[in-house]
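Structure, as structure tokens:
Where a number appears in this text, it was derived from the coordinates with a stated rule and is not lab data. Bear in mind that the values here come from a model prediction, so they are computed numbers and not experimental data. As a convention, Cβ positions derive from the backbone with ideal geometry for all residues, glycine included, and neighbour counts pool all protein chains shown.
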Amino acid sequence: MRGSRQPFNPVVLLLAALAALFFVLPLTGLLVRTPWGNVGSVITSKTSLDALRLSLIASLATTALALVFGFPLAWLLARGRFRGKALLRGLTTLPMVLPPVVGGIALLLAYGRRGLIGDPLYRALGVTLPFSLLGVIVAESFVAMPFFVITLESGLRSMDTRLEDAARNLGANRWTVFRRVTLPAIVPSLVAGSVLAWSRALGEFGATITFAGNLPGVTQTAPLAIYISQSSDRLDEAIALSLVLVVVSLGVMIGTRGRPRSRLSRRARGRHPAPAVPAHP
């Protein structure tokens with residue numbers, strides 16, 4: 001039975017309304033100041049298209065890397081038992097609170113031309129990461145992947161492992177248990193983590209400009225193009241590009257909010273009905 005609706009406390013409503021206005025007003029200001037007559041020409045300019053293309057490529061590549069490498073790391077943090085686990089989790093999630101510029105400097109010292117890994121990499125393969133599209137992806141992965149890892153780890157920790165145990169007791173191998181039990185249960189966390197990582201990568205600025213530079217058509221993503229336009233008194237271009245990022249990000253967040261979980265629940269119930277419990281005489 002559903003509980004009866006209770007009216008909200010007026011103080012709570014007032015504080016909630018003020019909090020909502022705090023987020024809505026800046027976006028409203030962006031919409032009011034948008035040069036609607038020039039939006040099309042600004043967005044379709046070569047500089048804007050190159051920046052948006054690089055942002056899309058780098059953010060999608062970052063999300064793919066998070067799925068490939070972040071998934072095993074989240075699994076290890078959620079299911080593994082070993083010394084130093086808390087330290088590993090802290091180091092993994094540190095970029096979430098670390099100033100992005102500090103992260104960019106750390107990346108230069110590790111993967112730069114004379115870095116700990118960058119120097120041997122250049123000597124062996126002739127590959128340099130800074131000031132390249134690959135460097136943009138590395139910088140975005142450094143700051144965005146922790147969002148995926150911590151979200152997926154939370155999903156793995158919160159799932160009922162007794163379902164996995166029951167599947168093993170019924171003779172299912174590891175792959176079958178993962179595919180039929182574990183994966184459907186963590187799909188909402190997987191989707192949420194991917195969206196968070198993609199959104200964070202799409203808006204990354206500090207680590208990118210520090211590690212990969214701001215080369216138009218090479219490493220200049222949309223946030224960097226917005227910064228240059230605003231600094232050069234080309235406010236119309238900055239506003240138009242900002243509006244594009246707001247619309248894309250908002251559409252993705254609204255489109256994925258709540259839907260994967262509800263669909264998953266229906267599918268899981270259909271595929272794995274609750275086992276019947278024999279009645280005792």
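For beta carbons closer than 9 Å, sequence separation of 6+ or different chains, a first residue in segment 115-134 that is among the polar types (S, T, N, Q) and a second that is assigned to a loop (DSSP other than H, G, I, E, B), the qualifying pairs are T128/G112; T128/R113; S132/A212; S132/G213; S132/L215; S132/V218; S132/T219. Annotation: E204 fulfils all but one of (1) of a type outside the set (S, T, Y); (2) assigned to a helix (DSSP H, G or I); (3) within 20 Å of the chain's Cα centre (by Cα); (4) buried (at least 20 other Cβ atoms within 10 Å of the Cβ); the unmet one is (2).
Restricting to segment 96-130, and then to whatever is among the β-branched types (V, I, T) and under 23 Å from G203 (Cα atoms), can you tell me which residue is surrounded by the fewest Cβ atoms within 10 Å (Cβ to Cβ)? Give the steps one after another, and end with the answer.
Quick first cut of segment 96-130, residues among the β-branched types (V, I, T) only: 97, 101-102, 105, 117, 127-128.
So of that shortlist, the ones also under 23 Å from G203 (Cα atoms) come out as 97, 101-102, 105.
Working: V97: 7, V101: 14, V102: 14, I105: 16.
Ranking the candidates gives V97 first.
Okay, residues lined up against (1) surrounded by fewer than 20 Cβ atoms within 10 Å (Cβ to Cβ); (2) over 20 Å from A64 (Cβ atoms):
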residue	(1), (2)
L77	no, yes
F142	no, no
N169	yes, yes
I186	no, no
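Among the helices (runs of 4 or more DSSP H) confined to segment 63-124, the ones with at least 1 residues that are under 15 Å from A139 (Cα atoms) are located at 85-93, 100-111. Of the residues A64, A58, A51, the single one that is without any contact (Cβ under 8 Å) to a residue 40 or more places away in the chain and surrounded by 12 or more Cβ atoms within 10 Å (Cβ to Cβ) is A64.
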